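The values are calculated or read from the model by the stated rules, or taken from the named source; none is laboratory data. This one's a predicted model, so the numbers in the text were calculated from it and none came from an experiment. Here the Cβ positions follow ideal geometry from the backbone for every residue, glycine too, while neighbour counts run over all protein chains shown.
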Amino acid sequence: GAGVSQSPRYKVAKRGQDVALRCDPISGHVSLFWYQQALGQGPEFLTYFQNEAQLDKSGLPSDRFFAERPEGSVSTLKIQRTQQEDSAVYLCASSHTVPGSYNEQFFGPGTRLTVL
Amino acid sequence: TQLLEQSPQFLSIQEGENLTVYCNSSSVFSSLQWYRQEPGEGPVLLVTVVTGGEVKKLKRLTFQFGDARKDSSLHITAAQPGDTGLYLCAGAGYGQNFVFGPGTRLSVLP
């Protein structure tokens, strides 16, 4: 497909379980971003990759959150020992440029994570 | 940390009315973007503004970037039900990642 895809679209986890969320960016896009969007809020930045390098992980809320993009394309966001406060929509976005004035991000549909 | 505020938080209007939503910050941004997000989907970029005082028009939508590059507004003329959604502004310093505001949830009733 031409757009950013994410899987699964919905994930229900029991508290304490590990989850892995996948993002397939637009082919050839250099930059990849992960955001967390709580209900009724705007997206909050989690982490940024330029190709395979994770250049900014300042938004990851705890060491239970881990992201990788080993070959500079597909990315996985992993959350270990999930907690109820992790319930949110996790958005992935990609861009063909590095951050700058005209950086247009293309967003995927998100994965809605519910932790029971 | 750059913080963006948006107002109003919620807005419900009748089809055909005009409206303006606002995005404000105490920080100066090199660029500011507006997105619209519909339920179950990711945000979609509407416009990027980079020059203080800049005005951009996209059909019935008019975007303005404040002279000091700290605030922006989105004006919709003759709103339609298809304009319903969450309107997000996002600002960035030069070379930095974008920070999003909390959004304005717009509902246009037929």
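Yes or no: region A:84-103 includes at least one residue that is over 22 Å from B:G101 (Cα atoms) and hydrophobic (A, V, I, L, M, F, W, C). Checked region A:84-103: no residue is over 22 Å from B:G101 (Cα atoms) and hydrophobic (A, V, I, L, M, F, W, C). When A:E71 is tested against (1) closer than 19 Å to A:Q105 by Cα; (2) more than 10 Å from the chain's Cα centre (by Cα), just one condition goes unmet, and that condition is (1). Residues in region A:56-92 that are within 14 Å of chain B (Cβ to nearest Cβ), surrounded by 14 or more Cβ atoms within 10 Å (Cβ to Cβ) and at pLDDT below 95: A:D56, A:K57, A:G59.
Name the residues in region A:93-116 that are within 13 Å of A:L21 (Cβ to Cβ) and buried (at least 21 other Cβ atoms within 10 Å of the Cβ), would you? Listed by number, the residues that qualify are A:G108, A:G110, A:T111, A:L113. Yes or no: B:V108 in contact with a Pro (Cβ under 8 Å, 6 or more places away or on another chain) and away from chain A (no Cβ under 14 Å)? Yes; evaluated as a whole, the condition is true for this residue. Checking A:Q17, A:Q6 one by one, the residue that is assigned to a strand (DSSP E or B), in contact (Cβ under 8 Å) with a residue 24 or more places away in the chain and among the polar types (S, T, N, Q) is A:Q6 and no other. Restricting A:L21, A:L32 to residues that are closer than 28 Å to B:R105 by Cα, out of contact with any Leu (no Cβ under 9 Å at 6 or more places or on another chain) and surrounded by 14 or more Cβ atoms within 10 Å (Cβ to Cβ) narrows the list to A:L32. The conditions of being more than 30 Å from A:W34 (Cβ to Cβ), within 16 Å of the chain's Cα centre (by Cα) and either exposed (fewer than 13 other Cβ atoms within 10 Å of the Cβ) or touching a residue at least 60 places away in the same chain (Cβ under 8 Å) (or both) are not met by B:V99.
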